[in-house]
Amino acid sequence: MTGNPLRSEAAAFQWVLGTVVVLALVVAASWISTWLGLAVVVLLAALATWRVATRRRHGPPQPPEERAAVEDTPEP
Amino acid sequence: MSAHAEALPGHADDHHGPPVANSSSRLAPTVLGMFLFIASEAMLFGAFFTAYFFVRVVNPAAPDTWPPEPYEFPKFVAGINTAVLVTSSFTMHWALQSIKRNNRRGLQAGLVLTILMGTAFLLTQAIEYAHVGFNTGDGAFASVFFGLTGLHGAHVFIGLTLLTIAAVRAFRGHYSPDHHHGVEIPGIYWHFVDIMWLVVYAAVYLL
């Protein structure tokens, strides 16, 4: 899953595929053992949190160009 | 120079129509609107999921027996329905990628296939309701089942309406590789509906 799913259809589609994979893992683990399913949920949530935090640290989202032009404009 | 003047080079007399809207957010207005809309939708589904899990936890026989005897959820039919809906996300993605490559036939075919699969999903769900063997009066589990799946079905219907509008416009010659916002936004909504169904299917039918 990459990118904000609200910014583009392609990113939202990647979230669909990611959700299929994540839920397949959770359901498979839950069928083996309820506690294993819970552990997989916690593990995947931690992984997702780490990934979001890492991405923000390395590459903050850039504002749209038109907005950047407005921000750089000195006040009168 | 003000932001308004930056957005409108030249004399003010050259501009026709309403003034350009001020943007006070780092997000584009369309993205922000979709974000707020889907966030409210996620909270709505969250409320229904809370009710569902509460009913499931307080059920005396849970987690060993769910749903309560002698009822059964139709896992197989719902699984086929899930496959249909996930496939419709692929055709939706294909439709948008087609118009980005200036392939109008691909856009039209993708949208029509997505609409057909969404309609098939809704019809299958209606048939499932008719043959599921319980009704809303048969217990709280039945109420939350119909509430959650029915809420999702309503969202599928809204998505189909948006896609139908996009398809009609596509057949009338609208959209181009540079201007396809009218397909992109229903596409995002359709994928959101798909993701919500995957969560509903996993939580209600499988877990």
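The values are calculated or read from the model by the stated rules, or taken from the named source; none is laboratory data. It should be emphasised that the depicted structure is a prediction, and the values quoted were computed from it without experimental measurement. With ideal geometry, Cβ positions are generated from the backbone for all residues, glycine too; neighbour counts draw on all protein chains shown.
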- Query: Right, A:Arg55: part of a helix (DSSP H, G or I), at pLDDT below 65 and either surrounded by 13 or more Cβ atoms within 10 Å (Cβ to Cβ) or at positive phi (or both) or not?
  - Reply: no
- Might you let me know whether the range B:139-161 holds any residue that is within 30 Å of B:Pro68 (Cα to Cα), touching a His at 6+ places or on another chain (Cβ under 6 Å) and touching a residue at least 12 places away in the same chain (Cβ under 8 Å)? no
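Restricting to the range B:168-189, and then to whatever is assigned to a helix (DSSP H, G or I) and of a type in the set (Phe, Trp, Tyr), can you tell me which residue is surrounded by the fewest Cβ atoms within 10 Å (Cβ to Cβ)?
For the range B:168-189, the residue satisfying everything is B:Phe171.
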- Task: Exactly one condition in (1) more than 18 Å from B:Phe48 (Cβ to Cβ); (2) touching a residue at least 12 places away in the same chain (Cβ under 8 Å); (3) under 20 Å from the mean Cα position of the chain (by Cα) is not met by B:Val200; state its number.
- Result: (1)
- Message: Can you confirm whether A:Leu44 is away from chain B (no Cβ under 11 Å), touching a helix residue (DSSP H, G or I) at 6+ places or on another chain (Cβ under 8 Å) and at pLDDT 85 or above?
- Response: yes
- Message: On the basis of being at pLDDT 85 or above and either part of a helix (DSSP H, G or I) or out of contact with any helix residue (DSSP H, G or I) (no Cβ under 6 Å at 6 or more places or on another chain) (or both), does B:Met92 make the cut?
- Response: yes
- Message: Being at negative phi, surrounded by fewer than 16 Cβ atoms within 10 Å (Cβ to Cβ) and over 21 Å from the mean Cα position of the chain (by Cα) is the filter here; which residues of the range B:72-103 pass it?
- Response: B:Glu72, B:Lys75, B:Phe76, B:Arg101
- Query: Here is a list of conditions, (1) modelled with pLDDT of 90 or more; (2) closer than 16 Å to B:Asn81 by Cβ, and B:Leu206 meets all of them except one; can you say which number that is?
  - Reply: (1)
- Item | Failed criterion for B:Thr164 (all others in (1) more than 11 Å from the chain's Cα centre (by Cα); (2) within 14 Å of chain A (Cβ to nearest Cβ); (3) at negative phi hold) | (2)
- (1) assigned to a loop (DSSP other than H, G, I, E, B); (2) of a type outside the set (A, V, I, L, M, F, W, C); (3) more than 12 Å from chain A (Cβ to nearest Cβ): which one isn't true of B:Asp64, the others all being true? (3)
- Query: Assuming B:Phe49 fulfils every condition listed in (1) modelled with pLDDT under 70; (2) touching a Leu at 6+ places or on another chain (Cβ under 8 Å); (3) surrounded by 16 or more Cβ atoms within 10 Å (Cβ to Cβ) apart from one, which condition is it?
  - Reply: (1)
- Message: Let me spell it out: the conditions are (1) at pLDDT 80 or above; (2) part of a loop (DSSP other than H, G, I, E, B); (3) not polar (S, T, N, Q), and B:Ala21 meets all of them except one. Which number is the exception?
- Response: (1)
